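Reading through the C-alpha cells given below for one structure.
Just so you know, all these numbers are worked out from the coordinates, no wet-lab data involved. Keep in mind the model is a prediction, meaning the values are calculated, not measured. So basically every Cβ, Gly included, is an ideal-geometry build from the backbone, and we count neighbours across all protein chains shown.
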Amino acid sequence: MKSISLFAVLITAAVLAYGTIDMPDFGDPQAPANLHVAPRYIEKTHEETGVTNMVTSVLASYRGYDTLGETTVIFTAGISVILLLRRKRDD
Amino acid sequence: MQDNIIVRTITRILIPFIQLYGLYVIMHGDSGPGGGFQGGVILGSSIILYVIVFGVDQGRKIIPEKLSDTLNSIGVLIYAGIGLICMIFGGKYLEYNILPLGSAHFASHIGMLGIEIGVGITVAAVMITIFFETARQER
C-alpha cells in the first residue's frame with residue numbers, strides 16, 4: 001500500500017514538473033498573464049482613476065468589490081471573536 | 001509590566017509616533033506604498049502596545065467595549081456607504097468619479113481615500129477586539 005502511494009506521489013510530481021517546462025519566464029512581458037488587463041492598468045491608471053499608485057488604483061477602484069469583500073471578511077472575523085470569546089462582566 | 005518605569009515612559013513616548021505613522025500610511029495609500037489594511041494594523045498595534053504595558057482594565061478605559069464594537073462596523077459602513085452615495089448621484093456602485101466634487105480625477109481620489117479610511121478603521125478595531133478578547137481569557 002505504501003509503495004502505491006509513493007508511486008502516485010512520484011508520478012504526480014513528474015507530471016507537475018513537466019508542466020513547468022512550458023511556463024513563460026518569470027516577469028516575461030509577452031506572457032499571457034501580462035497581456036490581458038495589465039497594459040490597461042499601466043497606461044490608464046492616472047487617466048481613469050486620478051491616483052498615481054497603480055496598486056491602490058487596482059485595489060480600490062478596478063477591484064473595489066473585491067476589497068469590500070475583504071473588509072467584510074475582517075469584520076466578520078472580529079464579530080465571530082466577540083461572539084465566541086466574550087465573557088460577561090459578572091463571572 | 002506596570003511597575004517598570006522605563007517601559008512605561010518609553011511606551012508613552014512611542015505611542016503618538018506609532019499612531020501618527022499609521023495615519024500617514026492610511027492617508028498616503030494613493031501616492032506611495034501603504035493603504036487601509038497596513039495603516040489599520042499599525043494603528044491597532046499602538047493600542048495593543050498600550051494594553052500590554054498598562055493592562056487590560058486600563059486599556060478598556062481608553063477603548064471601551066462599546067467604542068471598539070461600534071468602530072468594527074463603522075469602517076465597513078463607510079465603505080459600503082460611499083458605494084451607495086455613488087449610486088445616489090447616478091453612477092454605478094463604487095464609481096467614484098461620478099461624485100460632484102469638481103473634476104472626476106479629484107472625486108475619484110477622494111472616493112478612494114474614503115474607502116481606505118473605512119478599511120483602516122475596521123482593521124484597527126478588529127485587531128483591538130481580537131487582542132482584548134483573547135487577553136481576557138487568561139484570567
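Based on the alpha-carbon gyration tensor of chain B and its eigenvalue square roots a ≥ b ≥ c, which shape applies: rounded if a/c is under 1.5, prolate if not and a/b is larger than b/c, or oblate? Note, shape of chain B comes out prolate. Of the chymotrypsin sites (Phe, Trp or Tyr not before Pro) found in the range A:9-51, those in coil by DSSP whose Cβ has at most 12 other Cβ atoms within 10 Å are A:F26. Among the chymotrypsin sites (Phe, Trp or Tyr not before Pro) in the range B:67-127, those placed in a DSSP loop whose Cβ has at most 14 other Cβ atoms within 10 Å are B:F89, B:Y93. Averaging Cα coordinates gives a centre for the range A:23-91 and one for the range B:57-92; these two points are 19 Å apart.
Peptide A:13-22 shows a mean partner chain C-beta count of 0 within 10 Å per residue C-beta. Only Cα pairs under 8 Å and 6+ residues apart enter the sum, and on that basis the relative contact order of the range B:5-138 stands at 31 percent. Computed from the Cβ-Cβ distance with R0 of 41 Å, the FRET efficiency linking A:Y18 to A:Y65 stands at 0.65. Between A:A31 and B:I85, the FRET efficiency from the beta-carbon distance, with R0 = 45 Å, is close to 0.70. Within chain A, the longest run free of exposed loop sites, counting trypsin sites (Lys or Arg not before Pro) that sit outside DSSP helix and strand states (H, G, I, E, B) and have at most 16 other Cβ atoms within 10 Å, spans A:1-62. For B:V53, neighbours were defined as the other residues whose beta-carbon sits under 10 Å from its Cβ, and their charges (Lys and Arg +1, Asp and Glu -1) total +2. Can you bin the range A:2-85 into rounded, prolate or oblate? Criterion: square roots of the alpha carbon gyration tensor eigenvalues sorted a ≥ b ≥ c, rounded for a/c under 1.5, prolate for a/b above b/c, oblate for the rest. Oblate shape, in that a/c is at least 1.5 and b/c is the bigger or equal ratio.
Evaluated with a Cβ-only charge set (Lys, Arg +1; Asp, Glu -1), the protein assembly as shown carries a dipole of roughly 860 debye about its Cα centre, given to the nearest 20. When each of the peptides B:116-127, B:34-45, B:9-20 is scored by how many other beta carbons lie within 10 Å of its residues on average, the order from highest to lowest is B:116-127, B:34-45, B:9-20. The charge dipole of chain A, taken about the Cα centre with unit charges on the Cβ atoms of Lys, Arg (+1) and Asp, Glu (-1), comes to about 620 debye, rounded to the nearest 20. Legend: calculated FRET efficiency, B:H105 to B:T9, from the Cβ-Cβ distance at R0 = 41 Å, rounded to 0.05, equals 0.35.
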